[in-house]
Amino acid sequence: MTARIGVVTFPGSLDDRDTQRAIRLAGAEPVALWHKDKNLHQVDAVVLCGGFSYGDYLRAGAIARFSPVMEPLIEQAKAGLPVLGICNGFQILTEAHLLPGAMLGNDHLHFICRDQKLRVENADTAWTTDYTAGQEIHIPLKNMDGRYVADQHTLDELEAEGRVAFRYLDVNPNGSLNDIAGITNAAGNVVGLMPHPEHAVEPLIGSGRTDGLPFFTSILKKLVNA
């Protein structure tokens with residue numbers, strides 16, 4: 001049976017189609033999920049894609065967190081459903097308290113769009129097993145509110161428990177504390193990051209690299225072998 005991975009579309013989402021294509025390229029079946037629908041349609045995993053849900057009013061992700069689709073998603077994520085939050089999706093996961101910390105405006109107060117070098121810090125999550133710890137990859141980054149912050153206790157806990165999944169290398173593009181580009185929950189089924197792996201899955205387009213494809217092959221292998 002083909003693994004089915006849902007991609008949620010909110011008002012203002014812009015990378016849902018790209019995410020669906022990445023899922024398809026990895027060999028899974030993408031399932032479009034609408035923000036007003038409380039039914040996840042029995043998907044095996046969910047991706048919250050990038051964009052500007054609800055125009056980033058109040059705070060990025062603050063309104064989307066209360067969309068009807070989030071009610072079953074939060075419940076099932078706490079029960080083990082694999083969930084990946086990319087950029088705006090990461091912001092939504094922090095607003096929903098599925099991941100700790102918060103996302104603030106970039107420290108230089110400008111929108112940034114660039115290829116970003118990262119180091120894989122945790123290759124044991126549901127979304128990162130096709131990487132190796134310490135691997136250096138390049139993933140496109142585009143955001144205005146990408147600065148990850150948390151109190152010192154939370155930062156110490158993330159570091160001590162190996163829950164920093166990705167870290168910026170060479171340059172910190174937005175002022176994120178501890179150069180954090182992405183984190184995971186304690187169970188490893190929920191992962192959020194600011195860079196966009198769905199834009200690095202084919203050599204012909206985007207960055208010209210396929211460094212983002214292992215996100216989607218990792219979850220496919222986990223689901224198939226479950």
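The values are calculated or read from the model by the stated rules, or taken from the named source; none is laboratory data. Computed from a predicted structure; not experimentally measured. Methodologically, a virtual Cβ is constructed for each residue, glycine included, from the backbone with ideal geometry; neighbour enumeration extends over all protein chains shown. When the accessible area is computed, the model is the full protein with side chains, heavy atoms only, and any ligands, DNA or RNA have been set aside. Shrake-Rupley method; radii C 1.70, N 1.55, O 1.52, S 1.80 Å.
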- Item | Residue list for segment 199-209, restricted to those being touching a helix residue (DSSP H, G or I) at 6+ places or on another chain (Cβ under 9 Å) and under 15 Å from residue 118 (Cα atoms) | 199, 200, 207
- Message: Exactly one of these conditions fails for residue 173: (1) farther than 26 Å from residue 53 by Cα; (2) not in a strand (DSSP E or B). Give me its number.
- Response: (1)
- Task: Report, by residue number, each residue of segment 95-109 that is touching a residue at least 12 places away in the same chain (Cβ under 8 Å) and either open to solvent by 20 Å² or more (accessible area, probe 1.4 Å) or within 19 Å of residue 215 (Cβ to Cβ) (or both).
- Result: 95, 98, 99, 100, 101, 102, 103, 104, 105, 107, 108
- So, in segment 205-226, of the ones that are at pLDDT 95 or above and not in a helix (DSSP H, G or I), which residue ends up farthest from the chain's Cα centre (by Cα)? 210
- Any idea which of 38, 117 is open to solvent by less than 60 Å² (accessible area, probe 1.4 Å) and either on the phi < 0 side of the Ramachandran plot or assigned to a helix (DSSP H, G or I) (or both)? 117
- Query: For residue 131, all conditions in the list (1) closer than 22 Å to residue 18 by Cβ; (2) open to solvent by 20 Å² or more (accessible area, probe 1.4 Å); (3) modelled with pLDDT of 95 or more hold save one; what is the number of the exception?
  - Reply: (2)
- Looking at 139, 112, which one is surrounded by 15 or more Cβ atoms within 10 Å (Cβ to Cβ) and under 27 Å from residue 81 (Cβ atoms)? 139
- Total residues in segment 122-134, condition touching a helix residue (DSSP H, G or I) at 6+ places or on another chain (Cβ under 6 Å) and either free of Cβ contacts under 8 Å to residues at least 24 places away in the same chain or among the β-branched types (Val, Ile, Thr) (or both): 2
- Scanning segment 67-121 residue by residue, the ones that are charged (D, E, K, R) and touching a helix residue (DSSP H, G or I) at 6+ places or on another chain (Cβ under 7 Å) total 1
